[in-house]
Amino acid sequence: MDILRQDVRYALRTLRRDRGFAAVVVLTLAVGIGLNTAVFSVVRAVLLEPLPYKDPDRLVMLWSGLPERGVQDATSAYANVLDLKAQTRAFESLATFDPISLTLTDGEWPEKTSAVKASAHLFSVLGVAPALGRVFSLQEERQRAAVVVVGQGLWRRRFGGSPDIVGRTLEIGGAPFQVIGVMPEGFAFPDEQSQLWLPQTLFTDWEATLAERGTGPWRVVGRLKPGVTLPAAREELSVLAGRLEQMHGTANAGLRFDAVTLHDQVTGTAFQMALWTLFGAVGLVLLIACANGAHMILTRGLNRAHEVALRVALGASTSRLIRQALTESLLLSLAAGVAGVLLAWAGLRLLVALAPGNLPRLAEIHVDSAVLLYATAVSVAVGIAFGVAPTLGLSRSPLFDALREGRNPSQRTRGHSVRNLLIVFQFALAIILVFGASLLVQSLIRARGVDPGFQVENVLMANLSVESSAQRIPFYEQVVRDVRTIPGVGAVGLVEDLFISGAPSRPVTIEGRGAGEPAVTPLRIDAIAGDLFHTLGVPLREGRGFSPADGPDAPPVAIVNETMARRFWPGESPLGKRFRTGGPQSEAPWTEVVGVMADMYRQGPERAPIPQAFRPYVQEPSRNMVLLIRTAQPAPGLAAAVRARLAAIDRTVPLYSVTTVAEASARYLLQRRFQTVLLGLFSAIALLLAALGIYGLIQYSVAQRTREIGVRIALGGSSGRVVAMVLRQGLAVAVPGLAMGMTGALLL
């Protein structure tokens, strides 16, 4: 301890004499440590931290599939889930749930809220108890009791966090529900927007789901028994799927089950890939910072070679020299660690601000004791990495060379070689990062340049939800008629959903194609109203639009997109042709194609359009619709005017998720933009650090060769030739670094 105290005091005195050197090293390392700490805090919160449930590693999500029909990772039929519950030996219990949206109607304005209809087992499967009151029981589920459990956010916003909320009434869709419990802070299942949990039996379509086979509307979460692994559970699910296929061959033909951990389901492979990529990028930045620190230590060590030689001559051992160097480097790295944590705290706020809103577990990202421990460990590792190796090399140099102030050419050559390798290494890493960032920027530019096939500027969009099926047709008709009269409105249209995440693969039978197997394809069918295509500026390629003659009692008609026309009627006009969903024996009515419209990129600019069909809403009105309003120029007060018109028609119908088509379209690129901006920032920092390394190398070389340069000039050498000589030395490390970096980038 006495020797350690001496080493610390000596290191502090040495660094105090060379404040500039210490400041540059600390700042360089702080950038690498800070970036690593910030990204690690995100990786830890999103990918490494267990979910806030009891024994979360035993929680899995179950998905159904009908591969022979092209259906993968689909939700499950309730009757199949009941059979799984009765026959499984791998799971303690299974619970069904279905995320929906409901309308709170007891306030001044109706409010759309994310809700979950679920089985009573859901909370026990997750192992979560309410903070207040209780959850609904299996008996209440069977009795279809009008009870509801609310989330913390809704409790605080709607009820002011009142502790006497249990037993109070909440009006949902015009019907009273008794609040029986409040979930704890941080509970968000299946996503952070969920604020209501109700018995699944309450809804009018409940009876219809009891006998369903194949696939259905239900998501399934299960808890594995202790000691049961996920592969073992998958094996059992495969056996049970085969058994259910034999028992119910027609509906369950080709039935398969799959299971994934709930953690992987929540985080998603896309976010996992993006975060691990960023973590690798900041790891490269840290390596470059360490290389810079090692180079500066080595340069400073060569300048102190005479001092090192004298200490050896006075009896200092190699281990003592290394311990002293380690003390200095650890002091520098720990100081850099403190600065890096402050930088990470500030950078983390920027990181969260830049992150896409759908980043899972975003609210859990923060700097805590685990992150501080990581920063400390990185700081110590960095101190060892960049401090010991240069001093070890110096301690092994010949003593007489050091006593002669390092003027031996072989020693200079040896020192230059090590420093050159460090610069080449960090320059190559910087080129790899810049190369990767440039590719991401190029991809982002190309994605943003894709024509979505519809107008995005000056189009307002908002969601509507009409609970009563009898009111839907007259309500939507009046909405289109009244909103069109608002000053500045050019066109109004309604569609079930403008932006889509995909569509289930389904069999489609084309009239006149014989009795063979039906085509199986992803097919999206949406109800529309008003002047939808005119509102979005989508041209009609052939045929006609819908007319009043296409009423509720008229034969079903549809307008298809170009992709669907090419898929089912290649080389011929689809007008007048008929199709229906299902196989040849399907009882679905035939639908006649009356028009073909241009393709729209409704899944974002990076995914090709899928077959799509649009039908008149009057033939099958939907509860949820998206209202689209086009104006000649931006209209700031348009949303308020639309809300007032809707309130005059029916105050119980909520207008929610009000935004513009341009903003909604841009959300598809939020994750790519997030990753591109961060990797671009990291690569710029890495390139700057590499440039500083080259500058330090040349600056030291010029200082060492001052006498030589003076002699050259005295003998008639021009300043231009001297500058060229120095630049050649810089290129001698830049060009190999560039070559190595490009090779690594091409492999990457």
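Laid out as a table, the results:
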read-out: Subset of region 5-52 (residues that are open to solvent by 30 Å² or more (accessible area, probe 1.4 Å), more than 28 Å from Ala291 (Cβ to Cβ) and in contact (Cβ under 8 Å) with a residue 24 or more places away in the chain); value: Glu49, Pro50, Pro52
read-out: Which numbered condition Ser93 fails, given (1) among the hydroxyl-bearing types (Ser, Thr, Tyr); (2) closer than 28 Å to Thr652 by Cα; (3) open to solvent by less than 40 Å² (accessible area, probe 1.4 Å); value: (2)
read-out: Number of the condition not met by Ala175 [criteria: (1) within 19 Å of Phe136 (Cβ to Cβ); (2) in contact (Cβ under 8 Å) with a residue 40 or more places away in the chain]; value: (2)
read-out: Strands (runs of 3 or more DSSP E) fully within region 1-104 counting 2 or more residues that are at pLDDT 90 or above and closer than 29 Å to Ala253 by Cα; value: 59-66, 91-104
read-out: Some residue of region 596-606 being more than 22 Å from Ser501 (Cβ to Cβ), assigned to a strand (DSSP E or B), under 32 Å from the mean Cα position of the chain (by Cα) and not polar (S, T, N, Q); value: no
read-out: Helices (runs of 4 or more DSSP H) wholly inside region 664-748 that include at least 1 residues being modelled with pLDDT of 85 or more and either touching a helix residue (DSSP H, G or I) at 6+ places or on another chain (Cβ under 6 Å) or of a type in the set (Gly, Ala, Ser) (or both); value: 706-714, 719-747
read-out: Yes/no for Ala588 being part of a loop (DSSP other than H, G, I, E, B), open to solvent by 20 Å² or more (accessible area, probe 1.4 Å) and in contact with a Lys or Arg (Cβ under 8 Å, 6 or more places away or on another chain); value: yes
read-out: Test: Arg578 is farther than 27 Å from Ser76 by Cα, in contact with a strand residue (DSSP E or B) (Cβ under 8 Å, 6 or more places away or on another chain) and basic (Lys, Arg); value: yes
read-out: In region 346-398, the residues that are of a type outside the set (Gly, Ala, Ser), open to solvent by less than 60 Å² (accessible area, probe 1.4 Å) and at pLDDT 75 or above; value: Leu348, Ile365, Val367, Asp368, Val371, Tyr374, Val378, Val380, Val382
read-out: All positions within region 535-555 that are open to solvent by less than 40 Å² (accessible area, probe 1.4 Å) and farther than 19 Å from Ala608 by Cα; value: Thr535, Gly545, Asp550, Gly551, Ala554
read-out: Pair list, Cβ < 6 Å and 6+ apart or interchain, from region 86-99 residues that are farther than 17 Å from Glu141 by Cβ to residues that are open to solvent by 50 Å² or more (accessible area, probe 1.4 Å); value: Glu92/Lys225
read-out: Selected residue [among the charged types (D, E, K, R), surrounded by 13 or more Cβ atoms within 10 Å (Cβ to Cβ), free of Cβ contacts under 8 Å to residues at least 24 places away in the same chain and over 23 Å from Gly436 (Cα atoms)] from Arg712, Arg728, Arg645, Arg721; value: Arg712
read-out: Filter pass, Thr209 being polar (S, T, N, Q) and in contact with a helix residue (DSSP H, G or I) (Cβ under 8 Å, 6 or more places away or on another chain); value: yes
read-out: Scope region 105-140; condition in a strand (DSSP E or B), open to solvent by 20 Å² or more (accessible area, probe 1.4 Å) and of a type in the set (Lys, Arg); matching residues; value: Lys112
read-out: Scan of region 314-341 for residues that are among the aliphatic types (A, V, I, L, M), at pLDDT below 70 and outside any loop (DSSP other than H, G, I, E, B), ordered by number; value: Leu321
read-out: Residue match in region 654-662 (condition: on the phi < 0 side of the Ramachandran plot, of a type outside the set (Ser, Thr, Tyr), in contact with a Lys or Arg (Cβ under 6 Å, 6 or more places away or on another chain) and buried (at least 16 other Cβ atoms within 10 Å of the Cβ)); value: yes
read-out: Where a residue in region 240-265 is free of Cβ contacts under 8 Å to residues at least 60 places away in the same chain and its partner, wherever it lies, is open to solvent by 60 Å² or more (accessible area, probe 1.4 Å) and not aromatic (Phe, Trp, Tyr), with Cβ under 7 Å and at least six apart; value: Ala241/Arg256
read-out: Whichever residue in region 141-152 is out of contact with any strand residue (DSSP E or B) (no Cβ under 6 Å at 6 or more places or on another chain) and in a helix (DSSP H, G or I) and, among such residues, is surrounded by the most Cβ atoms within 10 Å (Cβ to Cβ); value: Gln152
read-out: Which listed residue is more than 43 Å from the chain's Cα centre (by Cα) and either without any contact (Cβ under 8 Å) to a residue 40 or more places away in the chain or on the phi > 0 side of the Ramachandran plot (or both), from Val735, Val702; value: Val702
read-out: Inter-residue pairs, beta-carbon under 9 Å, first within 23 Å of Pro552 (Cβ to Cβ) and part of a loop (DSSP other than H, G, I, E, B) and in region 618-640, second open to solvent by 70 Å² or more (accessible area, probe 1.4 Å) and polar (S, T, N, Q), 6+ apart; value: Pro621/Ser469; Arg623/Ser469
read-out: Selected residue [open to solvent by 30 Å² or more (accessible area, probe 1.4 Å) and within 30 Å of Glu663 (Cβ to Cβ)] from Gln603, Gln619, Gln633, Gln612; value: Gln633
read-out: Leu638, sole failed condition from (1) under 19 Å from Thr509 (Cβ atoms); (2) open to solvent by less than 20 Å² (accessible area, probe 1.4 Å); (3) not polar (S, T, N, Q); value: (1)
read-out: Checking Asn561 against (1) open to solvent by 10 Å² or more (accessible area, probe 1.4 Å); (2) within 17 Å of Lys577 (Cβ to Cβ); (3) modelled with pLDDT of 90 or more, the condition it does not meet; value: (1)
read-out: Residue among Thr269, Thr261, Thr204 that is closer than 21 Å to Ile100 by Cβ and β-branched (Val, Ile, Thr); value: Thr204
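Here's the yes/no breakdown for (1) of a type outside the set (Phe, Trp, Tyr); (2) open to solvent by less than 30 Å² (accessible area, probe 1.4 Å); (3) not in a helix (DSSP H, G or I):
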site	(1), (2), (3)
Glu171	yes, no, yes
Gln178	yes, no, yes
Pro190	yes, no, yes
Leu198	yes, yes, yes
Thr204	yes, no, yes
Glu235	yes, no, no
Arg243	yes, no, no
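The values are calculated or read from the model by the stated rules, or taken from the named source; none is laboratory data. Predicted model, so just to flag it, every value in this text is computed and none were measured. Neighbour counts run over all protein chains shown; Cβ positions are idealised from the backbone, glycine included. Accessible surface is based on the protein model in full, side chains and every heavy atom, while ligands, DNA and RNA are left aside. Shrake-Rupley method; radii C 1.70, N 1.55, O 1.52, S 1.80 Å.
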